[in-house]
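Worksheet: one structure, shown below.
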Amino acid sequence: MKILVNADKCQGHARCYAIAPELFDVDDYGQSTVRGDGVVPADLIEKAKLAIANCPEYAIDVLED
Ligand code: SF4
């Protein structure tokens, strides 16, 4: 699985970071980016799905399943 935060949609709630700090980083405004190249390790896939489901802006795109 590979994910990407759509910067145009992200409104900086940092919910993704609260759920999966291993996968997301936030700047001083709460704006999120994925860590590294966005590839999700197998043991974090459930957390990634939880973060995606909890993003109120639907800002987390799945590039590869
Ligand atoms: S939960 Fe969604 S809108 Fe909020 S910081 Fe994360 S990606 Fe952005």
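The single residue among ALA48, ALA42 that is buried (at least 17 other Cβ atoms within 10 Å of the Cβ) and either in contact (Cβ under 8 Å) with a residue 24 or more places away in the chain or under 15 Å from LYS2 (Cα atoms) (or both) turns out to be ALA48.
Report the residue count in region 28-60 for those that are outside any helix (DSSP H, G or I) and near the ligand (Cβ under 10 Å from one of its atoms). Result for region 28-60: 12. Assess whether VAL5 counts as being under 9 Å from the mean Cα position of the chain (by Cα) and either near the ligand (Cβ under 10 Å from one of its atoms) or open to solvent by 80 Å² or more (accessible area, probe 1.4 Å) (or both). The answer is yes for VAL5. Among the residues of region 15-27, just one is in a loop (DSSP other than H, G, I, E, B), of a type in the set (Asp, Glu) and modelled with pLDDT of 95 or more, namely GLU22.
The values are calculated or read from the model by the stated rules, or taken from the named source; none is laboratory data. Since the model is a prediction, treat every value here as computed from it, not as a measurement. Neighbour counts run over all protein chains shown; Cβ positions are idealised from the backbone, glycine included. Keep in mind that these areas ignore ligands, DNA and RNA; they rest on the heavy atoms of the full protein, side chains included. Shrake-Rupley method; radii C 1.70, N 1.55, O 1.52, S 1.80 Å.
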